[in-house]
Amino acid sequence: SSIYYTPGDSIGVCCPNAPYAVNVVLNRLQAAHPEAALDRDTLIKSASDGSYITLEELLAYKYDLMDAPRKAGLMILAQCCTDPAEANLLQHLCSKGEPGKTLW
């Protein structure tokens, strides 16, 4: 190979989510929001640099669908809930107090 490494160099590894996991999330999004006409090729604009990526690429490479959700992500989901009971439960999961620790 023409690539040379020296001590202290590092490499990055990007492991995409499994196709079945991406399909499950896509199908759920389509079922939950039929009015949005979401499909694999729906373009999503990046908030950081303004570039575009397809919904399928976003779910495959940018989100970790297999790990436990982070509290910050749950808080964002809580803000998007239309059911107050679900929003309340997600907010409790995110809390740093005793309810959040007990539920987590």
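Among residues of the stretch 18-42 that are farther than 18 Å from K62 by Cα, those with a beta-carbon under 9 Å from a residue that is open to solvent by less than 90 Å² (accessible area, probe 1.4 Å) and among the β-branched types (V, I, T) at least six positions away or on a different chain give the pairs A36/T42. So, A36, is that one surrounded by 10 or more Cβ atoms within 10 Å (Cβ to Cβ), more than 18 Å from the chain's Cα centre (by Cα) and assigned by the TED database to the domain that holds P16 or not? Considered against the rule, which asks whether it is surrounded by 10 or more Cβ atoms within 10 Å (Cβ to Cβ), more than 18 Å from the chain's Cα centre (by Cα) and assigned by the TED database to the domain that holds P16, A36 comes out as yes. Of all residues in the stretch 66-88, those that are over 24 Å from N17 (Cβ atoms) have Cβ atoms under 8 Å from Cβ atoms of residues that are part of a loop (DSSP other than H, G, I, E, B) and modelled with pLDDT under 85, 6 or more apart or on another chain, in A87/C81.
Does A47 satisfy being more than 16 Å from the chain's Cα centre (by Cα) and either under 16 Å from Y63 (Cβ atoms) or open to solvent by less than 80 Å² (accessible area, probe 1.4 Å) (or both)?
Details: more than 16 Å from the chain's Cα centre (by Cα): no; either under 16 Å from Y63 (Cβ atoms) or open to solvent by less than 80 Å² (accessible area, probe 1.4 Å) (or both): yes.
For A47, the condition - more than 16 Å from the chain's Cα centre (by Cα) and either under 16 Å from Y63 (Cβ atoms) or open to solvent by less than 80 Å² (accessible area, probe 1.4 Å) (or both) - is not met.
The values are calculated or read from the model by the stated rules, or taken from the named source; none is laboratory data. Keep in mind that what you see is a predicted model, and the values were worked out from it rather than measured. Positions of Cβ are generated from backbone atoms using ideal geometry, with glycine treated the same way; all protein chains shown enter the neighbour counts. These area figures cover heavy atoms from the full protein model, side chains too; ligands, DNA and RNA do not enter into them. Shrake-Rupley method; radii C 1.70, N 1.55, O 1.52, S 1.80 Å.
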